[in-house]
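The values are calculated or read from the model by the stated rules, or taken from the named source; none is laboratory data. Remember, it's a predicted structure, so these values are computed and weren't measured experimentally. Using ideal geometry, Cβ is built from the backbone for each residue, glycine included, and neighbour counts are taken over all protein chains shown.
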Amino acid sequence: MVTIKDIAKAAGVSHTTVSRALNNSSLIKNETKQKIRQLAKEMNYSPNYSAKGLVNQKKYLIGLFFSSLHKGTSSNFLADSIAGIHSVLDTNYSLSVESIDAVDLTEINLQRYDGLIVMSQSDEDQPFIDYLKEKAFPFVVVNRHINDPAVINVTADDAAGVMQAVDYGIGCGHTKIAYIGGKKTFVRQKNGKKVYWTV
C-alpha cells in the first residue's frame, strides 16, 4: 500500500508538503500540487480516510434516516432518494441508510456521522428530530416541512402541486375530481387535502 512518505520520497519533498498538496492547502504552489497529485495517481495512492478523519475530525459518513416502509415511506421514493444522494455525494463519503423506527435515541452514536438526512413522513418522527436539535447535530429534513427556523427543510410545494393538478383537470373539462392522499398522519397529505377543498 502506497503511503504519503512513498510519494514524498518519489517527489523529493517532505511528507508534510505531500499531505498539504493532497489536502489542497494554500501554502503549496499550484504547480507543486499538480505534480504531487499526478504522482499520487500514477502510484495508485488511496488515502486512509480513518486516519485522515482523526486529523480533520471528519468521519466521511452521511446517515440517511427514514420512516420505515410499513409506516408509509414508498420503496420507490426511498430508492430514488438514495440514488440521488449518491449522485451528488463526494466520492470520499459513504452513505449509511437506517430506519428511524429502529433507532433507540439513548443508543444512537452520532459521532459516527458528519451529518444526517432525515426523510420524515409524519409527526411521529418529531422526537428523533428534536433529539438532533438538542444535540446541535447537523441535519436536514427531507419530504416534510417543519415550521422551525432552526431546521433546514427540503420539500415540494404540495399546495401548488394540488392546485395545478385540479386546475389542469378543470381545464380538460372534468367536473368530478377526486383527491387520493396518503396516510392521515402525513403532514403532506393534510396540506394537500386542505388545498383540494379550497380549490
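Looking only at the range 147-169, filter to residues that are among the charged types (D, E, K, R) and in a helix (DSSP H, G or I); which one of those is nearest to LEU78 (Cα to Cα)? Full working, then the answer.
Residues of the range 147-169 among the charged types (D, E, K, R): 148, 157-158, 167.
Restricting the remaining residues to those that are in a helix (DSSP H, G or I) gives 158, 167.
On the way: ASP158: 19, ASP167: 29 Å.
The selected residue is ASP158.
Screening the range 81-102 for residues that are touching a helix residue (DSSP H, G or I) at 6+ places or on another chain (Cβ under 7 Å) and either at pLDDT 90 or above or surrounded by 13 or more Cβ atoms within 10 Å (Cβ to Cβ) (or both) and picking the one that is farthest from GLN57 (Cα to Cα) gives ASP101. Only residues that are within 15 Å of LEU110 (Cβ to Cβ) and either among the acidic types (Asp, Glu) or in contact with a helix residue (DSSP H, G or I) (Cβ under 7 Å, 6 or more places away or on another chain) (or both) were counted across the range 123-150, and they come to 6. Note on the range 105-146: residues that are without any contact (Cβ under 8 Å) to a residue 40 or more places away in the chain, closer than 26 Å to GLN57 by Cα and either of a type in the set (A, V, I, L, M, F, W, C) or assigned to a loop (DSSP other than H, G, I, E, B) (or both) total 15.
From the set of residues in the range 170-189 that are modelled with pLDDT under 80 and assigned to a helix (DSSP H, G or I), which is farthest from PRO127 (Cα to Cα)? Selected residue: GLN189.
Among the residues of the range 130-179, those identified as touching a Lys or Arg at 6+ places or on another chain (Cβ under 9 Å), closer than 23 Å to SER81 by Cα and either surrounded by fewer than 12 Cβ atoms within 10 Å (Cβ to Cβ) or not charged (D, E, K, R) (or both) are PHE139, ASN143, HIS145, VAL151, ASN153, THR155, ALA156, ALA159, VAL162. Of PHE128, PHE139, PHE77, all but one fail to be modelled with pLDDT under 90, out of contact with any Cys (no Cβ under 8 Å at 6 or more places or on another chain) and of a type in the set (Phe, Trp, Tyr); the exception is PHE77. Whenever a residue of the range 76-89 is in contact (Cβ under 8 Å) with a residue 24 or more places away in the chain, its partners that are assigned to a helix (DSSP H, G or I), lying with C-beta atoms within less than 9 angstrom and at least six residues away or across chains, give the pairs LEU78/LEU69. Out of the residues in the range 73-104 that are of a type in the set (Ser, Thr, Tyr) and in a helix (DSSP H, G or I), state the one that is nearest to the chain's Cα centre (by Cα). Out of the qualifying residues, it is SER81. Of the residues making up the range 9-39, those that are closer than 22 Å to ASN92 by Cα and either of a type in the set (Lys, Arg) or in contact with a His (Cβ under 6 Å, 6 or more places away or on another chain) (or both) number 4.
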